[in-house]
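Each remark here refers to the structure printed beneath this line.
All of the numbers you see were taken from the coordinates with simple rules; none came from a lab. Every value quoted in this text rests on a predicted model; they were computed, and no experiment measured them. Backbone-built Cβ (ideal geometry, glycine too); neighbour counts: all protein chains shown.
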Amino acid sequence: MTLSPPNPSDARTVPGTRFRVVSVPETGSTNSDLLAAAQAGAEPGLVIVTDYQTAGRGRLDRRWSSAPGSSLLVSILVPPVAPSDMVHLVGAAALALGDALEALCGLSTQIKWPNDIVVDDRKLAGILSETCVGGGDVQAVVVGIGCNLTPEAIPAELRDLAVDVATASGQRCDRDALLDALLRRLDVRLDALQIVAADVAARSATLGRRVLVEQTHGSLAGVATGLTANGGLLVTADDGSEAEVVVGDVVHLRHRDR
Ligand code: BTN
């Protein structure tokens, strides 16, 4: 629940884009807030950013927590897209964030399937996309991004697996400058969703790697060979069979893990 509900009339426009940003000091989850706002009739292009979430959510029903003021925590209500393009929205956001980090901090990132931004295999940011469905149709899509800006963003138990922008780039990155740079690039990407898949493949940290895919019904070891039109991951298993993984977690294995 928000301490003060985001009010679209308080929004600032990001010049040259379709986006309007409402900033709140603290909330439960910006994704939850924006889904509620969408259900109440908010227009696409509305963005909610906060310094701190008390009930931040990640993929697969996980929690997403970080210390106040340590992360970019943002959700974006994207305009309706064709059903076949829905799968490209997370990729568009991942590419936009990567391009913004490169421009602002000189930081090169990769995309780990399905929706993590990584630097040298350590997680820098995660993306959670959620839909609001009404009458059997998708009424709205919310794309939420959590990006670690400083070391305080990373819970102690994840320090070996995650990294933040300041540590990885050696520079502090201003949250609002990063948000505006991200939104400017996303605005362009949303008009070119057909080329997102190729750009995601080119920036993938997963393709060509030996992986362990952890799914609810077991795990699968093999080599990641491609991305499918559904956004799935093609894995050639050790017995030579090929599987499309649609939901799951991937561990990138090193040669010595074979
Ligand atoms: C993941 O890697 O599991 C995705 C994490 C997404 C976290 C962001 S933070 C802003 C937005 N609000 C949420 O509750 N979650 C997303």
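Using mean Cβ contacts within 10 Å as the protection proxy, how do 133-146, 28-41 order, highest first?
The most tightly packed comes first, giving 28-41, 133-146.
Nearest 20 debye, what's the magnitude of the dipole of region 156-242 about its Cα centre given +1 on Lys and Arg Cβ and -1 on Asp and Glu Cβ? Mind showing how you got there, number by number?
On the way: 9 positive and 13 negative charges, 50 e Å.
For this selection, approximately 240 debye.
Got a sec? Charge dipole of the chain, +1 on Cβ for Lys and Arg, -1 for Asp and Glu; which of HIS217, LEU183, VAL118 is way out at the positive end?
Positive-end residue among those listed: VAL118.
How much length is gained on full extension from GLN171 to GLU102, taking 0.36 nm per residue of separation minus their Cα-Cα distance?
Contour length minus the Cα-Cα distance gives 23.7 nm.
In vacuo Debye scattering of the chain, one point per C-alpha: log10 I(q)/I(0) at q = 0.11, 0.13, 0.14 Å⁻¹?
One equal scatterer on each Cα of the chain leads to -0.58, -0.82, -0.95.
What's the percent breakdown of Cα-Cα distances in region 195-258 across 10 Å bins, shortest bin first?
23, 56, 20, 1
Given +1 on the Cβ of Lys and Arg, -1 on the Cβ of Asp and Glu, and no further charges, what dipole in debye does region 56-148 carry about its Cα centre, rounded to the nearest 20?
340 debye
For region 167-214, what is the Kirkwood estimate of the hydrodynamic radius, computed as the reciprocal of the mean inverse distance between distinct Cα atoms, to one decimal in Å? Let's see the in-between values first.
On the way: mean 1/r = 0.0731 Å⁻¹.
By the Kirkwood definition, the hydrodynamic radius is 13.7 Å.
What percentage of all Cα-Cα pairs in region 1-151 are separated by more than 21 Å?
43 percent
Determine the distance separating the Cα centre of region 28-96 from the Cα centre of region 199-238; give it in Å without decimals.
Taking the Cα centre of each part, region 28-96 and region 199-238 sit 25 Å apart.
How big is region 144-250 on each of its three principal axes, counting only the C-alpha atoms and giving the largest first in Å?
48, 39, 23
Once the Cβ-Cβ distance between LEU158 and THR236 is put in as r, and R0 is 30 Å, what FRET efficiency do you end up with, to the nearest 0.05?
That pair, LEU158 with THR236, gives E of 0.50.
Given the options ALA166, ALA153, ALA82, which has the most mean-square fluctuation in a GNM of the chain, springs set between C-alpha atoms less than 10 angstrom apart?
ALA82
If each residue of separation counts as 0.36 nm, what is the full-extension length gain between ALA198 and SER84 once their alpha-carbon separation is subtracted?
39.5 nm
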